[in-house]
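Remarks on the structure that follows.
The values are calculated or read from the model by the stated rules, or taken from the named source; none is laboratory data. Everything numeric here is computed off the predicted structure, so don't read it as measured data. All Cβ positions, glycine included, derive from the backbone under ideal geometry; neighbour counts span all protein chains shown. Accessible surface is based on the protein model in full, side chains and every heavy atom, while ligands, DNA and RNA are left aside. Shrake-Rupley method; radii C 1.70, N 1.55, O 1.52, S 1.80 Å.
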Amino acid sequence: MKKFLTLIITCFLSLSLAGCSNSKNNDDILTFFDALGNTLNLKSAQINGTLDMKDSKMNIDAQILQKEDLQVATSIGLVAGDHVKNNFLNFYIKDGKTYLNSMGTKTQSTVDKIGLKKNSKLNTYNPFLDLTDDQLCELFDSSKKENDTYTFKVNTSKLATLLDNMGSIKLDDATLEATIKNKKISHMILSFTGKQTVDKASADIDISIELSIKKLNKINFPNDLDSYTKETAED
């Protein structure tokens with residue numbers, strides 16, 4: 001009888017372990033990172049996103065066009081409690097010049113002031129480029145695919161290290177959901193919770209980042225850019 005029970009338990013554990021291993025599909029993980037690389041290499045895109053934190057929220061609308069000269073249009077809005085500022089900051093690059101509208105204060109300068117040339121192109125840093133396939137797969141504990149949507153449970157210790165290699169961040173949970181179309185990411189949500197400790201002070205972390213990415217053919221700039229005040233040498 002004991003041998004029979006041992007056999008049953010062994011079979012049950014084997015099935016359980018098999019189920020765990022099947023919950024992580026390395027091909028799906030590598031598909032995500034390939035799509036991430038393709039997305040970061042896009043020359044033109046419109047990116048709408050939100051950064052939700054415990055007590056505040058940031059809305060971002062970024063348009064980047066790099067067919068010829070670099071063109072950029074970025075709008076940032078803030079929400080903190082009952083305070084809403086839809087146009088907290090607007091930033092533009094056009095014809096080798098930069099334009100900044102900071103809560104109604106409008107100034108213009110040239111792209112060389114921010115380390116660019118008129119015909120510069122923006123290069124997005126990919127922090128995963130030097131990792132092997134095995135190392136990329138280790139970043140996720142599980143994966144699930146439904147049509148074009150991939151859902152991953154992120155390895156919290158590895159994500160915490162990416163966020164802060166000083167070890168002050170400890171994460172309890174982290175999930176990533178991505179919709180992939182034409183080998184590029186069209187929508188992505190990264191959420192994580194935990195705690196950050198600096199010296200003896202600590203604060204809870206509850207962050208959700210959501211991004212939607214689509215093709216862009218043209219940027220519609222404001223009509224009053226020429227009226228922005230030119231920065232002087234002293235500025």
Test: residue in the stretch 159-182 that is closer than 30 Å to Glu68 by Cα, open to solvent by 40 Å² or more (accessible area, probe 1.4 Å) and either assigned to a strand (DSSP E or B) or modelled with pLDDT of 90 or more (or both): yes
Selected residue [touching a residue at least 12 places away in the same chain (Cβ under 8 Å), farther than 30 Å from Asp204 by Cβ and open to solvent by 30 Å² or more (accessible area, probe 1.4 Å)] from Asn48, Asn119: Asn119
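Filter the stretch 147-158 for residues that are loosely packed, with under 15 Cβ neighbours inside 10 Å and in contact with a Ser or Thr (Cβ under 7 Å, 6 or more places away or on another chain); which is farthest from Ser208 (Cα to Cα)? Quick ask: steps written out before the conclusion?
Looking only at the stretch 147-158, we keep the residues that are loosely packed, with under 15 Cβ neighbours inside 10 Å, and these are 147-149, 157.
Filter once more, so that each one left must be in contact with a Ser or Thr (Cβ under 7 Å, 6 or more places away or on another chain): 148-149.
Numbers: Asp148: 21, Thr149: 18 Å.
Ranking the candidates gives Asp148 first.
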Complete set of residues in the stretch 97-116 that are open to solvent by 70 Å² or more (accessible area, probe 1.4 Å), in contact with a Leu (Cβ under 9 Å, 6 or more places away or on another chain) and outside any strand (DSSP E or B): Met103
Any hit, the stretch 59-79, residues being among the acidic types (Asp, Glu) and in a strand (DSSP E or B): yes
Subset of the stretch 80-96 (residues that are outside any loop (DSSP other than H, G, I, E, B) and not hydrophobic (A, V, I, L, M, F, W, C)): His83, Lys85, Asn86, Asn87, Asn90, Tyr92, Lys94
Residue that is nearest to the chain's Cα centre (by Cα) [pool: residues in the stretch 200-228 that are within 17 Å of Asn101 (Cα to Cα) and surrounded by fewer than 12 Cβ atoms within 10 Å (Cβ to Cβ)]: Asn220
Single residue of Thr132, Thr197 found to be over 26 Å from Asn48 (Cβ atoms), surrounded by fewer than 10 Cβ atoms within 10 Å (Cβ to Cβ) and of a type outside the set (Asp, Glu): Thr132
